[in-house]
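Only the coordinates and a few stated rules stand behind these numbers; no lab work does. The shown structure was predicted, so the numbers you read here are calculated from the model rather than taken from an experiment. Cβ atoms come from the backbone with ideal geometry, glycine included; neighbour counts cover every protein chain shown.
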Amino acid sequence: MKYSVKHLLSGTLEEALTIAKDRTRDERVYPNITSLKQVKWEETDTDIYCEFITRGDGEIPKPLRKLITPKMVSWREIGHWDKKNNAYDYKVKTFYFTSVFNMSGKFRFIPQGNDKVLREMEGEIKINIPLLGQIAEKTIVKYQVENLDKEAKIFEKDLEELRKRKKK
């Protein structure tokens, strides 16, 4: 199932990219993320190639935690920043259920004058399980979009904090 969201952010392109590349925010911003580890960050003049391992078990009920190992709720994100186009594309590879779960997406940051940036995000979640897969896709996409909308508000606060730090 494909989805897209757009957010108009208050700040410069440079400020928005600084915040977007700071993945330490994930644990603070997303309720389900309990850890994120950067395993690769290779930067050239035109590109950044990165990988992260993320664990998302923050909203799993305690009784179920006994049945679920950390690796079952962890995934590897393989990403690429295109510096010229201010775009980040990624693929998610789970450690479990890899043959049935696929997730990918792309963020683009487009200047809107001197003090606004449009962040466009397109994503796709595909779960290859007859009937149940489509139901799960709809549920995951619903939460993904809700989380991205909530994150945009935090992104605005982070931009404000960044500007305050720059003034000091």
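Worth pointing out:
- Residue within the stretch 85-105 that is among the acidic types (D, E) and touching a Phe, Trp or Tyr at 6+ places or on another chain (Cβ under 6 Å) present: no
- Cβ pairs under 8 Å, 6+ apart, first in the stretch 50-77 and over 20 Å from G123 (Cβ atoms) and touching a residue at least 40 places away in the same chain (Cβ under 8 Å), second among the polar types (S, T, N, Q) and part of a strand (DSSP E or B): none
- Residue match in the stretch 86-94 (condition: in a strand (DSSP E or B) and touching a residue at least 40 places away in the same chain (Cβ under 8 Å)): yes
- Within the stretch 95-104, tally of residues that are in a strand (DSSP E or B) and either over 22 Å from H7 (Cβ atoms) or touching a helix residue (DSSP H, G or I) at 6+ places or on another chain (Cβ under 9 Å) (or both): 3
- Taken residue by residue, the stretch 74-96 has no member that is out of contact with any Gly (no Cβ under 6 Å at 6 or more places or on another chain) and over 28 Å from E42 (Cβ atoms).
- Number of the exception - I68 against (1) under 17 Å from the mean Cα position of the chain (by Cα); (2) among the aliphatic types (A, V, I, L, M); (3) surrounded by fewer than 14 Cβ atoms within 10 Å (Cβ to Cβ); (4) closer than 30 Å to L132 by Cβ: (1)
- Enumeration of residues in the stretch 82-105 that are within 30 Å of D57 (Cα to Cα), of a type outside the set (G, A, S) and surrounded by 18 or more Cβ atoms within 10 Å (Cβ to Cβ): Y88, Y90, V92, F101, M103
- Selection count, the stretch 8-50, where residues are in a strand (DSSP E or B) and crowded, with 17+ Cβ neighbours inside 10 Å: 3
- Inter-residue pairs, beta-carbon under 8 Å, first assigned to a loop (DSSP other than H, G, I, E, B) and in the stretch 112-140, second among the polar types (S, T, N, Q), 6+ apart: N114/T12; D115/S10; D115/T12; N128/S99; N128/N102
- Contact annotation: residue pairs with Cβ atoms under 7 Å, 6 or more positions apart or on different chains, pairing a residue in the stretch 146-168 that is over 10 Å from E15 (Cβ atoms) with a partner that is among the polar types (S, T, N, Q) and surrounded by 11 or more Cβ atoms within 10 Å (Cβ to Cβ), are E156/S10.
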